[in-house]
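The values are calculated or read from the model by the stated rules, or taken from the named source; none is laboratory data. None of the values given here were measured: they were computed from a predicted structure. In this analysis, Cβ positions are derived from the backbone assuming ideal geometry, glycine residues included, and neighbour counts consider all displayed protein chains.
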Number of protein chains: 2
Amino acid sequence: MFIFVVAKNIYNGAMNYEPINYEALLRTHQLKATPQRIGILNAMHTHGHITIDTLYSDIKKEFSAISLATLYKNIHQMMDATLVTEVKIAQQKTLYEITKAAHAHLACDRCGSVYDIAIDATPLVAQQSPLSQHRIESAQITFTGVCQGCLTKGA
Amino acid sequence: MFIFVVAKNIYNGAMNYEPINYEALLRTHQLKATPQRIGILNAMHTHGHITIDTLYSDIKKEFSAISLATLYKNIHQMMDATLVTEVKIAQQKTLYEITKAAHAHLACDRCGSVYDIAIDATPLVAQQSPLSQHRIESAQITFTGVCQGCLTKGA
DNA sequence: CATTCTATGGATAATTTTTTTCCTTTAGAT
DNA sequence: ATCTAAAGGAAAAAAATTATCCATAGAATG
């Protein structure tokens, strides 16, 4: 038997039971639910994580007049509201994703793609914090290696 | 009894037995040992990790005419040679450090400082790789929390 | 449902960060 | 000591990010 305890109105990319209500998600985070913001969240959701360029070209299909400044402004507002997370990986362009259940990333050395890896860093944090003179609260993990696709087709 | 197996000419920031021979380190990595490069490595070493701005103002004390382009060009060459590592942390400026023994970083939520955390990610990689459809080879870990300094002086 | 107030979007420009180009100088091999 | 490919410096260009200004649109209020 599995018990899913789902906090109300927390986005979880892995649980696509029903279409995501971006309006409610925005309001929960004290942000106005504008069409542009909904579009941004939608693009992030369909891509999992997204660069500013992909987001820009994607969203222009719906809002041809949208400006990059609008994207940056909104991304930062959503980051301040912890609704969006910035993902920085060495040698890669910055990615943005809807804040979701803890997970790691794999950056493929060969093709550069970034994949989500299901992992709970809680034990790592719990283990490290007492060893450190700092108070450790969370962990962001980026793995590097070779992705499934490259393994299959490559040597 | 402790046995230290130290690969020859690998930089290890933690082992300051003797002054680091940057010339040899550069040559080992097939890079010409120019004074500017030695200065860059020296600044990285004394700071542990460094932003481009700090590096620039630091190194100008020795090479007043050095240009930012020279820094970026060299950093990239050293990164290609795996002598330097780029550290990207969300909400922070990119840091550069001499590639050293595996370690994690702690980014303080309060003051923004970044500290090194001694940790060997090998077990994490070994544990995750078989669980994944990808081949996982290494891990970069960034912890967030509150650093010792802020803990002491703050609430 | 209309009105009002405030936050948002879009245009534009300014900053900041990073990369490129071109020419002179230098490290390191011969 | 000489030679040559690589490196440094100056300058500009390109890319990424942020700020400013004003018209407009959410959403709260009556």
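Residues in the stretch A:58-76 that are among the hydroxyl-bearing types (Ser, Thr, Tyr) and not in a loop (DSSP other than H, G, I, E, B): how many?
Counting residues in the stretch A:58-76 that are among the hydroxyl-bearing types (Ser, Thr, Tyr) and not in a loop (DSSP other than H, G, I, E, B) gives 2.
Going through A:65, A:69, A:104, A:81 one at a time, which residue ends up being loosely packed, with under 15 Cβ neighbours inside 10 Å, touching a residue at least 12 places away in the same chain (Cβ under 8 Å) and over 22 Å from residue B:147 (Cβ atoms)?
Step by step, each of A:65, A:69, A:104, A:81 is checked, and only A:81 is loosely packed, with under 15 Cβ neighbours inside 10 Å, touching a residue at least 12 places away in the same chain (Cβ under 8 Å) and over 22 Å from residue B:147 (Cβ atoms).
Among B:131, B:95, which is surrounded by fewer than 17 Cβ atoms within 10 Å (Cβ to Cβ) and among the aliphatic types (A, V, I, L, M)?
Sole residue among the options that is surrounded by fewer than 17 Cβ atoms within 10 Å (Cβ to Cβ) and among the aliphatic types (A, V, I, L, M): B:131.
Do you know which of the residues in the stretch B:136-154 that are assigned to a strand (DSSP E or B) and touching a Cys at 6+ places or on another chain (Cβ under 9 Å) is surrounded by the fewest Cβ atoms within 10 Å (Cβ to Cβ)? It would help to see each step written out before you state the result.
If we filter the stretch B:136-154 for residues that are assigned to a strand (DSSP E or B), which is where we start, we get B:136-146.
When the remaining residues are screened for being touching a Cys at 6+ places or on another chain (Cβ under 9 Å), the result is B:144-146.
Working: B:144: 20, B:145: 22, B:146: 17.
Filtering the stretch B:136-154 for residues that are assigned to a strand (DSSP E or B) and touching a Cys at 6+ places or on another chain (Cβ under 9 Å), the one surrounded by the fewest Cβ atoms within 10 Å (Cβ to Cβ) comes out as B:146.
Sort through B:44, B:79 and tell me the only one that's within 28 Å of residue A:105 (Cβ to Cβ), in a helix (DSSP H, G or I), more than 13 Å from DNA strand C (Cβ to nearest atom) and of a type outside the set (D, E, K, R). Outline the logic, then answer.
Details: B:79 fails: more than 13 Å from DNA strand C (Cβ to nearest atom).
Only one candidate qualifies: B:44.
Against the definition (at the interface with chain B (Cβ under 10 Å from one of its Cβ atoms), within 23 Å of residue A:79 (Cα to Cα) and in contact with a Ser or Thr (Cβ under 6 Å, 6 or more places away or on another chain)), how does residue A:118 come out, yes or no?
When the stated conditions are applied, residue A:118 does not pass them.
This table checks each residue for (1) within 7 Å of another protein chain (Cβ to nearest Cβ); (2) more than 24 Å from residue B:109 (Cβ to Cβ); (3) more than 18 Å from the chain's Cα centre (by Cα); (4) not small (Gly, Ala, Ser).
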{"position": "A:106", "(1), (2), (3), (4)": "yes, yes, no, yes"}
{"position": "A:110", "(1), (2), (3), (4)": "no, yes, yes, yes"}
{"position": "A:126", "(1), (2), (3), (4)": "no, no, yes, no"}
{"position": "A:132", "(1), (2), (3), (4)": "yes, no, yes, no"}
{"position": "A:148", "(1), (2), (3), (4)": "yes, yes, yes, yes"}
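Of all residues in the stretch B:45-75, which are among the aliphatic types (A, V, I, L, M) and either within 14 Å of DNA strand D (Cβ to nearest atom) or farther than 25 Å from residue B:93 by Cβ (or both)?
Hits for the stretch B:45-75 are B:52, B:55, B:59, B:65, B:66, B:68, B:69, B:71, B:75.
State all residues of the stretch B:1-41 that are surrounded by 13 or more Cβ atoms within 10 Å (Cβ to Cβ), of a type in the set (S, T, N, Q) and either modelled with pLDDT of 65 or more or near DNA strand C (Cβ under 10 Å from one of its atoms) (or both); if no residue qualifies, say none.
Hits for the stretch B:1-41 are B:21, B:28, B:34, B:36.
Considering B:127, B:133, which residue is away from DNA strand D (no atom under 13 Å from the Cβ) and part of a loop (DSSP other than H, G, I, E, B)?
Sole residue among the options that is away from DNA strand D (no atom under 13 Å from the Cβ) and part of a loop (DSSP other than H, G, I, E, B): B:133.
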